[in-house]
1. Could you please report the charge total around D383, scoring K, R as +1 and D, E as -1 over all other residues with beta-carbon less than 11 angstrom from its beta-carbon?
2. Between region 402-459 and region 158-236, what is the C-alpha centre distance in whole Å?
3. Assign one of three labels to the chain, namely rounded, prolate or oblate, based on the Cα gyration tensor with a ≥ b ≥ c the square roots of its eigenvalues; rounded applies when a/c is under 1.5, prolate when it is not and a/b is larger than b/c, and oblate otherwise.
4. With point charges of +1 on the Cβ of Lys and Arg and -1 on the Cβ of Asp and Glu, referenced to the Cα centre of region 250-461, which listed residue (V373, G258, Q451) lies farthest in the positive direction of the dipole?
5. With a 10 Å radius around each residue's Cβ, average the other Cβ atoms per peptide and rank 128-138, 335-345, highest first.
6. So, counting K/R as plus one and D/E as minus one, what does the shell of residues with Cβ under 9 Å around F164 add up to?
7. Which residue, F316, A334, I353, has the largest displacement toward the positive end of the dipole of region 283-401 when charges sit on each Cβ (Lys, Arg +1; Asp, Glu -1)?
8. If the only charges are +1 at each Lys and Arg Cβ and -1 at each Asp and Glu Cβ, what is the size of the charge dipole of the chain around the Cα centre, to the nearest 20 debye?
Amino acid sequence: MTQIKKICCIGAGYVGGPTMAVIAQKNPQIQVTVVDINEERIAAWNNADLSKLPIYEPGLDTVVAEARGRNLFFDTNVDKAIDEADMIFISVNTPTKTYGKGKGMAADLKYIELCARQIARVAKTDKIVVEKSTLPVRTAQAIKRILDQTGNGVSYQILSNPEFLAEGTAIQDLMNPDRVLIGGEESDTGREAIEALASVYGAWVPQERILRTNVWSSELSKLTANAFLAQRVSSINAISELCEASGADVNEVAKAIGMDSRIGSKFLKASVGFGGSCFQKDIFNLVYIAKTYGLDEVADYWEQVIIMNDFQKRRFAERIVTTLFNTVNDKKIAFLGWAFKKDTNDTRESAAIYVANDLMEEEAQIHVFDPKVTEQQMLTDLDYLNTRSSEANRKHLTVHQDPYTALENAHGIAVLTEWDEFKTYDWQRIYNKMQKPAFVFDGRNILDRKQLEQIGFEVYSIGAAN
Ligand code: NAD
Ligand code: UGA
């Protein structure tokens, strides 16, 4: 069996960084080099101060501390790492296209293609190329064509090995995955490549959890998994509005249906809407692929998950405006949280961005506290929407380092991220310093509603009779 001695990973992001750190920690005999064109990011991965790693993930610092400098390296020299490696992971970003054909729907594969071309140009020895990025089904075919056209005698095996980690629990998910999926060519050399990768994971993942499939099943399983997860959130969010109208309570409904083992209890938390870099992008990708095959009903079915999610975010913002006597003009609305979920500094597609944008359209003053997100990031997120000028965004957004100053004098508080610390704040103190009536809009249903009401707050919870 092929023994992997050197691994290169192109892309030192939320997936490449933690995944390679764990692979290196568990395989001290393999040299793992993570490369990126982003010099600042690589410098941050090499920072001696582990609290300054470019991404925040609980437990990541310990893993990096153990492996970095031993057999885990972060570098900007992409060519050298490709040249030396037996196995190359491609873990670059695959965002939704913002131009041309498929704009707003299809995955932009330009970074993937650039990687393939770079590998083709540099490689002098046989390589196993692993798709770690989430890709449209049949992308491996395109990568193979690009690699094979060099005609320099190098032979390649392409594997699909999608990543299922969730942010905030990345290390836990990597250490103890439900499954590792490896798709490869159905030939002797294909199977050999699959086993080479399986042995890397085999250092800590039980063999029965390492699933081998053909390449297309593997690629499509990743998009399907994300679509199913997102669909559960949209489904419970759809029911949350029905609960508000009918007097049912969405937490009770979720519990009641979740106890049915066929449904299961996970991913049934009603919220202000799902965010994150992947759910929306991957569903659009799925919708686009379905349309490309002429499968309009399939496309429409999945697109509805996004339509529902957009509605949920909009509905939350509208609820704030109507509750605050139909105007938030010049009113201080305090946001607790900006990240798309707790325990991460990632804000991509966070519901907070869209709710803030809607409220700014109503001339509200948004004051934010998030334990991990920087002011610069929040402003970048708003500017990216292109709704108004950067100056106008700056005029409407104030970022605080202390939650109590963020909440002082607010007309309303909106909980946008489920950070645990929000639950333990001194809510009496907050109430005393707020405008009255003091409104709380709990977009994550994490606060103790009864306790808040006893203090005097007027509370809106998602999916409760309000
Ligand atoms: P990211 O944007 O955090 O990181 C991607 C990195 O690739 C960037 O640092 C970028 O500079 C680098 N890069 C791009 N082109 C390059 C090139 N030609 N050479 C060298 N470096 C290059 O993205 P991410 O969140 O890590 O996601 C990567 C992929 O993994 C995506 O396809 C995503 O869908 C998928 N994925 C993400 C998650 C997640 O939780 N974020 C989970 C599972 C799968
Ligand atoms: C998700 C998947 O869970 C991962 O398996 C996958 O690898 C990853 O996408 C990816 O491909 O990028 P992630 O986006 O990091 O992971 O986080 P999730 O925990 O899935 O949460 C996504 C969003 O849904 C968050 O905004 C979260 O708050 C929201 N959510 C989740 C709910 O509103 N309710 C729930 O019950 C669960």
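Taken together, the values in this text are just the output of simple stated rules run on the coordinates, not laboratory data. Owing to the predicted nature of the structure, the values given are computational and were not obtained by experimental measurement. Cβ atoms come from the backbone with ideal geometry, glycine included; neighbour counts cover every protein chain shown.
1. Values: positive: R388, R394; negative: D381, E391.
So the surrounding residues net to 0.
2. Computed from Cα coordinates, the inter-centre distance equals 41 Å.
3. Numbers: a/c = 2.02, a/b = 1.77, b/c = 1.14.
Judged from the Cα gyration tensor, the chain comes out prolate (a/c at least 1.5, a/b above b/c).
4. After comparing all options, I get Q451.
5. Numbers: 128-138: 22.6, 335-345: 24.3.
Order by mean packing, descending: 335-345, 128-138.
6. Numbers: positive: R179, K222; negative: E163, D173, D178.
Within the 9 Å Cβ shell, the charges total -1.
7. About the Cα centre, the residue reaching furthest to the positive side is A334.
8. On the way: 52 positive and 63 negative charges, 78 e Å.
Result for the chain is approximately 380 debye, rounded to the nearest 20.
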